[in-house]
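Each remark here refers to the structure printed beneath this line.
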Amino acid sequence: MPATPMPSLPLTLTVLGTASPHPRPDRPCSGYLVRGGGAEVWVDAGTGSFAELQRHTDPARIDAIWISHLHADHCADLLAAFYGLAYGGLTPVAPVPVYAPQGCAERLAGFFGRPDAGFLSDVFLFQPLCDGHRVQHGDLLLTSRAVVHDVEAYGVRIESGGRVLAYSGDSGPCPELTELARDADLFLCEADIDAHRDGEQVHLTPEDAGITARRAGVRQLVVTHVGPTLTPETATLRAAAAFGGPTGTAREGQALPV
């Protein structure tokens, strides 16, 4: 039986997971459910986030999946989702579009020992991301922007009903991230590290997150993906001091209006 279409609702962000680099009790890795404009998009599929997704929606009704990069703490639960959608009775009415960096399908197929990823196409329709990639589901418009990391990586800007959500994915400080977040109503931003190692700019400190939010002129900053050298509370306080505006901490189970 086809899933009932989503009514057109205001843009909201539901936090599924925030942990880095591995899941912890009651804290899965990166995953978010974005709803608005009659559509639902699962943004990042970090370890443990598929179970949390099921608390908030029927996975069979997801309109799309968007993956920032191919590190396991952002994409590993595509495997769990495949099992659920293919074999677990959570059958979608059509293959789910998966917007991800090149090679995502082959990486997933490798778990099955299969050199050809074609067998995944009954469940997932993989489409490669690129800088400036734009796609619309319902009234949700997703625009991806390449950011600085140690692998191919993207942030995303999601717009609906005149509201804007920006998400950093994993990124070092870079002008592209500032432009992605420009004038966003809510900027969901990683603050993974306490300090940069010499010459390495692949993650953000809390100060980097706050400075980016200030330069971009965002209305609200929400700190996420805090690594093991920090606590979410400390990272949020430091980011808030650098931003000078409303700053919150992403918590599993939160539903935040944008």
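Laid out as a table, the results:
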| quantity | calculated |
| --- | --- |
| Accessible surface of segment 153-196 [probe 1.4 Å, protein heavy atoms]: carbon and sulfur percent | 45 percent |
| HN-Hα J in Hz across segment 163-177 - Karplus 6.51, -1.76, 1.60, θ = phi - 60°, x for Gly and Pro | 10, 9, 10, 10, 10, 6, x, 9, 7, x, x, 6, x, 4, 5 |
| Antiparallel %, DSSP beta bridges [both residues in the chain], to 5 | 60 percent |
| Tensor-based shape of segment 109-234 (alpha-carbon gyration tensor, a/c under 1.5 rounded, otherwise prolate or oblate) | oblate |
| Total charge dipole magnitude, the chain, about the Cα centre, Cβ charges on Lys, Arg, Asp, Glu only, Debye to nearest 20 | 520 debye |
| Share antiparallel - DSSP beta bridges, segment 1-106, percent rounded to 5 | 65 percent |
| Binned Cα-Cα distance frequencies in segment 18-155 - 5 Å width, integer % | 2, 10, 21, 24, 22, 15, 5, 1 |
| Accessible-area order (highest first, 1.4 angstrom probe) of the listed residues C75, C130 | C130, C75 |
| Fraction of the pair-distance distribution of segment 168-258 above 20 Å, Cα-Cα pairs, percent | 24 percent |
| Largest-first ordering by accessible area, 1.4 Å probe, given options S121, S49 | S121, S49 |
| Size of the chain as Cα extents on the principal axes (Å, biggest first) | 50, 40, 35 |
| List V148, V43, ordered by accessible area with a 1.4 Å probe, largest first | V148, V43 |
| Area of Y32 that stays accessible when all protein chains are in place (1.4 Å probe, Å², to 10) | 0 Å² |
| In Å², nearest 10: area of H225 left accessible to a 1.4 Å probe | 0 Å² |
| Relative frequency of Cα-Cα separations exceeding 13 Å in segment 39-80, percent | 48 percent |
| Accessible surface of V218 - all protein chains present, 1.4 Å probe, nearest 10 Å² | 10 Å² |
| Only Lys, Arg (+1) and Asp, Glu (-1) charged, at Cβ; segment 1-142 dipole about Cα centre in debye | 140 debye |
| Distant-in-sequence amide H partners of D170 (H built 1.01 Å from N, under 5 Å) | Y154 |
| Shape of segment 83-147, Cα gyration tensor, a/c cut at 1.5 | oblate |
| Fraction of beta bridges assigned by DSSP in segment 147-258 that are antiparallel (%, nearest 5) | 35 percent |
| The chain - percent relative contact order, Cα under 8 Å, separation 6 or more | 17 percent |
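The values are calculated or read from the model by the stated rules, or taken from the named source; none is laboratory data. Keep in mind that this is a model prediction, so the values were computed, not measured. Quick reminder, even Gly has a Cβ in these numbers, built from the backbone with ideal geometry, and neighbours come from all protein chains shown. Heavy atoms of the whole protein, side chains included, go into the accessibility calculation; ligands, DNA and RNA do not. Shrake-Rupley method; radii C 1.70, N 1.55, O 1.52, S 1.80 Å.
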